[in-house]
Amino acid sequence: TPVMRLLRTEGSIIIFILILAQGFHYSRTCDCDQQYFCNCSSNHLQQVPKVPANALGLDLSFNQIESIDMNDLSPYSELKTLNLHKNKLKFIHKEAFKSQHKLEVLDLSLNNLKNLSSSWFHELNSLQHLNLVGNPYTTLGPAPIFQSLLNLRTLRFGSPSLREVYKNGLDGLTHLDEMTFVGSNLRLYENGSLKAARPIGLVSLSLQNLFQNDPELVSKVLQDVSHPETLLIIKDVTLITNTSTEPFKAAREGGTKSLSFQKSTTTDEAMTSLLMVMDGSSLSYIGLEDVHLIGHGWWQKASYTHYENLHTAYIRNLDIQGFFGFSSMMQLGFLLVHLHKVSVINGTVFVIPQQTTPLLKNLEYLDLSQNLLSDLTIEPTLYTGFGAYQNLNTLNVSQNVLKSLGLISRLATNLKSLTYLDLSHNSFVSMPENCSWPATLRFLNLSSTKLRKMTPCLPSSLTALDLSENDLMVFHQRFPQLTTLILTGNRFMKLPQGELFPRLQTLLIQRNALRMFNGSDLRRFETLQYLEASNNNFVCSCEFVSFFRQDVDHFITIRDGRRNYVCDTPFTLRGDAVDSVRLSVFECYMIPAVLVLCSVIIIVLGLIVVTCYKFHIIWYLQMTKAWIQAKRKPAVGRLAEELRYDAFVSYSQHDAEWVEEILVPELESAHPPFALCLHKRDFQPGRWIVDNIIDSIEKSHRTLFVLSEHFVTSEWCRYELDFSHFRIVDEHNDSAVLVLLEPIKKETIPKRFCKLRKIMNSRTYLEWPEDEEKRSEFWSNLRAALQRDE
């Protein structure tokens, strides 16, 4: 019925709209790039969306997906990365990952998974990185959950809700390099649960208050993960009392060499206790990152401990409560004398007391970046008396409040082993004309120091120099040993002179004011191999574009991507990659092209002028114009008063004697006399010759041609003949009368006299007789030919 057909039609339309809406939803929520990575993050998705089947990466983090059914991921067998971080996952089908044989990264962290199933991982033979942190599962094991993940390298698991941990298959993982375990509320731990088949390179434990509340359980955990080859990181803990440090005996017994505390709170008393607990260990690295330290710095109780193997101390973002009441580091002298590498980054350090520096005899590396060192405090800090810093080869005092480069150079001169010096992010502004530096210095970083001018202050012994992010425009100092030069973020308008750097191999000069560079610029660098010069104001001239596209690779290797070299001018090319620019020949060679074009025009005009002159084309055109005008006049019924002459005589100037002395007297004295038009006598003075010819022929009843060898070589005679021929053709009359003054062979007549050939072939002509007896007959015939029609 019509109603049913209407409903069926409307239903189809609704389904079509829903399909379109769903497609639009997918295209809006998921962005897939050319590397087949689909980003569907933070789009309020409640289920796995449709993406291309060949997707290699799928980011579904920060959505509201609650479950993954068996077929949700089955179309995506090429996936290598799957991120489901921060969803609401409660259920994952046991065969949900059955088709993901190539999956390498799986993130299920911060969801609502209350149980972990080993069946999820049975087909994930290629999985290398797994994150299960932050799910509310309370028990781990005793089923071997991770047993099938034979290629797993990184494992993160555990949560604050975890209560019991049993053996779970870690002992079968032979490639595990990194493990993170969160068990802040752990109550039961089976020995061996976190012990892998081989030592793990990095183990991070977040056990929070367990060190305080259940040190025995912590000891079990540390016993399983401690090893000389393992970096042990303790996170989110509070070490206040001596008891809280007791579990570290297990770390000492396990031979731990590297120990780091992160995001923790401790006291000087607890740290003293830790040092005593670890006394005699093989500890070689101690790290404190984002640690809040309480106390006054009393370490006397640990002064008799032995840490001959402790070579490295790394301290970053250390917050000392009551910092200005903290004691000198002299009491840690028993540790300082052994240290080879010390980093105290962002620790509000403003000075190292002069009495302390002699303890740093073995120091080779010192990083005091992001602190409060000034010109007043840097001198005692770098005091070199009593053998201090005698082995120091690397010094980093970047991001402090230093202002005098001359002072730093003078102090650095005493550091006889110094090879690397980082002074970046200070406020030097200027540099003195002369400075002294240690002869061993090879690497100098002066980036972001507000420098405006280069002077001979810098040491010529350098092999690497970083002057990036300053305000420099010129570079004149010679560096015979320099192999790496970084000038990024300055105001250079051209490449520095290559002769200044005979050994330079790498030049970085991005974000300057470079306009262009060419082969001659690069040829001046004898050994340059690598160049990074993107993000400059390149002028895309023909020379630069051609060189960059075709020749630059013959000189150096561009390391920062050719697509990053873009045009600034001309305006029409601004923003275009130099590699994509195509310039026309005219644009590339404008001046030569204009010269050639002008030359061609001049030559053509010259040829036209010569042609017109040689062939009298202008006159011919004028004659044609006159003929056209004459053609418009009535062809017949010409008024008698318009014909002033009986004949217009056309002859060569060489035949003028015959015409003037024989022809004219004979005809003009006849009875009745003939009125002849002669150019010498009857042409109007000052008028153009062609106009005179045309007008005279127009006003003559006949045109009398006196033919001779001279006639056929006269251009004027040709014009008169041509116009007469036009008149014959146009008016269909017999106006032309030919008198052959001397014999002319038709084949000798030039081709340009084609009209004469036609007339001689179609008309009878009179020949001037040599025999005087026949001349009377000639005159009689001529008078008859010239006689006007009645």
TODO: Count charges around Val165 for me, please; just the other residues with Cβ under 14 Å from its Cβ, Lys/Arg as +1, Asp/Glu as -1.
DONE: 0
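Tell me the relative contact order for region 473-583 as a rounded percent, counting alpha carbon contacts under 8 Å between residues six or more apart.
On the way: 239 pairs, mean separation 23.3, N = 111.
Relative contact order comes out at 21 percent.
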- [ ] Evaluate the charge dipole of region 473-583 about its Cα centre and quote only its size in Debye, nearest 20, assuming +1 on the Cβ of each Lys and Arg and -1 on the Cβ of each Asp and Glu.
- [x] 180 debye
- [ ] Please get the size of the charge dipole for region 75-201, origin at its Cα centre, with Cβ charges of +1 on Lys and Arg and -1 on Asp and Glu, quoted in debye to the nearest 20.
- [x] 320 debye
Open item on the list: So if I take the alpha carbon set of the chain, get Rg, then get Rh from the Kirkwood formula, what is the Rg over Rh ratio?
Closed with: 1.41
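Rounded to the nearest 20 Debye, what is the dipole magnitude of the chain about its Cα centre when Lys and Arg each give +1 and Asp and Glu each give -1 at the C-beta?
On the way: 76 positive and 82 negative charges, 396 e Å.
The dipole of the chain has a size of about 1900 debye.
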TODO: Set Lys and Arg Cβ to +1 and Asp and Glu Cβ to -1, take the dipole of the chain about its Cα centre, and tell me which of Ile345, Leu188, Leu130 lies farthest positive.
DONE: Leu188
Task: Backbone HN-Hα couplings from phi across region 95-101 [Karplus 6.51/-1.76/1.60, Hz, Gly and Pro as x] - done: 10, 4, 9, 5, 8, 8, 5
Open item on the list: What is the distance in Å between the Cα centroid of region 380-401 and that of region 546-585?
Closed with: 46 Å
TODO: With the full set of protein chains in place, find how many percent of the accessible area of region 224-359 is carbon and sulfur; take the probe as 1.4 Å.
DONE: 57 percent
TODO: State, as an integer percentage, the relative contact order of the chain based on alpha-carbon contacts under 8 Å between residues 6 or more apart.
DONE: 3 percent
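By its C-alpha gyration tensor, with a ≥ b ≥ c as the square roots of the eigenvalues, how is region 473-531 shaped: rounded for a/c under 1.5, else prolate for a/b larger than b/c, else oblate? Present the calculation step by step, with values, prior to reporting the outcome.
Values: a/c = 1.57, a/b = 1.34, b/c = 1.17.
Because a/c hits 1.5 or more and a/b exceeds b/c, region 473-531 counts as prolate.
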Task: Per residue accessible area of region 473-583, 1.4 Å probe, in Å² - done: 49 Å²
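Starting from the residue with the highest accessible area, list Val344, Val429 in decreasing order, probe 1.4 Å. Working shown, then result.
Working: Val344 30, Val429 55 Å².
Most to least solvent-accessible, the answer reads Val429, Val344.
Under 8 Å for C-alpha pairs, at least 6 residues apart: give me the relative contact order for region 372-526, rounded to a whole percent.
Numbers: 369 pairs, mean separation 22.4, N = 155.
After rounding, I find 14 percent.
Order of 181-189, 303-311 by packing, highest average Cβ count within 10 Å first? Present the calculation step by step, with values, prior to reporting the outcome.
Working: 181-189: 19.4, 303-311: 15.3.
Descending mean neighbour count gives 181-189, 303-311.
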Open item on the list: Using +1 at the C-beta of Lys and Arg and -1 at the C-beta of Asp and Glu, which of Ser580, Leu500, Gln529 has the Cα lying farthest in the positive direction of the dipole of region 473-583?
Closed with: Leu500
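Rank by packing, highest mean first: peptides 253-259, 294-300, with packing defined as the count of other Cβ atoms within 10 Å averaged across residues. All intermediate terms of the calculation are to be shown ahead of the outcome.
Details: 253-259: 19.6, 294-300: 15.4.
Taking the mean over residues of other Cβ atoms within 10 Å, the ranking is 253-259, 294-300.
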Open item on the list: Tell me the net charge near Ile378. Cut-off is 15 Å between Cβ atoms, Ile378 excluded, with +1 for each Lys or Arg and -1 for each Asp or Glu.
Closed with: -2
Open item on the list: Can you give the local net charge around Val277? Use residues other than it whose beta-carbon is closer than 13 angstrom to its beta-carbon, Lys and Arg +1, Asp and Glu -1.
Closed with: -1
Open item on the list: Distance between the C-alpha centers of region 161-230 and region 440-484? Whole Å please.
Closed with: 50 Å
- [ ] Divide by every residue of the chain the summed helix terms, -39500 (n - 2.57) for each DSSP H run of at least 4, and state the resulting mean residue ellipticity at 222 nm, rounded to the nearest 500 deg cm²/dmol.
- [x] -7000 deg cm²/dmol
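The values are calculated or read from the model by the stated rules, or taken from the named source; none is laboratory data. None of these values were measured; they are calculated from a predicted model. Don't worry about glycine lacking a Cβ; one is built from the backbone with ideal geometry, like all the others, and counts go over all protein chains shown. Each accessible area value is taken on the protein alone, full model and side chains, heavy atoms only, with ligands, DNA and RNA left out. Shrake-Rupley method; radii C 1.70, N 1.55, O 1.52, S 1.80 Å.
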